[in-house]
1. Can you tell me which of (1) over 14 Å from the mean Cα position of the chain (by Cα); (2) closer than 17 Å to Cys23 by Cβ; (3) surrounded by 24 or more Cβ atoms within 10 Å (Cβ to Cβ) is the one His90 doesn't meet?
2. If we scan region 246-267, do we find a residue that is free of Cβ contacts under 8 Å to residues at least 12 places away in the same chain, hydrophobic (A, V, I, L, M, F, W, C) and under 29 Å from Glu180 (Cα atoms)?
3. Taking region 105-118, which residues are in a helix (DSSP H, G or I) and crowded, with 19+ Cβ neighbours inside 10 Å?
4. Out of (1) under 25 Å from Glu312 (Cβ atoms); (2) touching a strand residue (DSSP E or B) at 6+ places or on another chain (Cβ under 6 Å), what's the single condition that is false for Ile199?
5. If you go through region 177-234, how many residues are among the β-branched types (Val, Ile, Thr) and at positive phi?
6. Which one of Glu249, Glu227 is of a type in the set (Asp, Glu) and either in a helix (DSSP H, G or I) or surrounded by 24 or more Cβ atoms within 10 Å (Cβ to Cβ) (or both)?
7. Looking only at residues that are of a type outside the set (S, T, N, Q) and part of a loop (DSSP other than H, G, I, E, B) in region 280-314, which one is surrounded by the most Cβ atoms within 10 Å (Cβ to Cβ)?
8. Among (1) of a type in the set (Val, Ile, Thr); (2) farther than 16 Å from Gly61 by Cα; (3) under 15 Å from the mean Cα position of the chain (by Cα), where does Val255 come up short?
Amino acid sequence: MNRLTREGVSRTARYRLIRYLNCNQATLGTIADFLGEGDGHLLKVNCQLEGGGFSSGSTCGVVSGGCLAIGLRYLDDIRSEEPGKMAALHSLLKEYTSWFEKEFKSTLCRERSGVEVNSFWGFMNYIFLGKVFTRCVNHVGKAADWLAEKVSNPLNEEDPGGVTQVNHCAVDVLRELRRETGLGSELIEDLYVTLNGGIGLSGGLCAAVAGAFVPIGWRFGIDPKGEGAWGTLTLFLKGHINLYRGREEGELWSVGQEFLRNYFKKFKALECEKLTNKKFTGFQDFARFAEEAEVCREIKDWSLNETLRLMEKY
């Protein structure tokens, strides 16, 4: 694995967005190489977080990729389960997502890009008006630079405010899906702790739903390093044709869109803030809410069962 220099991070992230065609993978992969960490599954299984999650327009992949990269840097701290470390981790995640929102006006893909990326004409508008360069390429470079600076430091401890354990949004879903399907890993389960509270406490894409996406990515996701530039482009175009035509087949965007169509029949939104009527201010606020949230349990159960159905179908 080539370890990037601090000076090369921003440039590499920008190049990889064009090369990978995936904002999450460009961000996560760049910081992983900067850290000299990661494994062969890391990019493929997070492919579906592009465009806010199967191009749904929810939380920007640069945001989710950045949070996962923070988790990769502080993996030992996550695994220690020390309340003081978990409080400090969530503060850093909140700092990142708050910085991103302030810098680029929103953490949501549809708001940041200014288009509905899951529609054909929205996507064409995005490409041909040059927004992919003025927004995504520019933003991923700045975010990668911010992340590289922050993850160069060790994680301190903070007062957890009496919190001794946390019900992480995605972990139960991921563990049960791995038990039932064999798709997943302990590494992914640990990293998805960083998606708590709608991705780094930003109130965006529900982390339980993001966790349910993982087996779909594990089976159908695109590995840009393994596929090469032409293979990645071919699979990307095929997937987006399926997305716009609404076709059903064993392919990443087709399966993802079937999940989302059924999800929206049951729930009113993908974003944590809308589902819970709450945007978390920090670790303690989140931990106390997650302990008793009925809506979260309902979403976890539904998402788990829907992914199992799709894995059996395809």
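The values are calculated or read from the model by the stated rules, or taken from the named source; none is laboratory data. The model shown is predicted, which means the values in this text are computed figures rather than measured ones. When we count neighbours, we look across all protein chains shown, and the Cβ atoms used for this are built from the backbone with ideal geometry, even at glycine.
1. For His90, the failing item is (2).
2. yes
3. Of everything in region 105-118, those that are in a helix (DSSP H, G or I) and crowded, with 19+ Cβ neighbours inside 10 Å turn out to be Cys109, Arg110, Arg112, Ser113.
4. The single condition Ile199 does not satisfy is (1).
5. 1
6. Glu227
7. Taking the candidates together, the pick is Phe280.
8. Unmet for Val255, out of (1) of a type in the set (Val, Ile, Thr); (2) farther than 16 Å from Gly61 by Cα; (3) under 15 Å from the mean Cα position of the chain (by Cα): (3).
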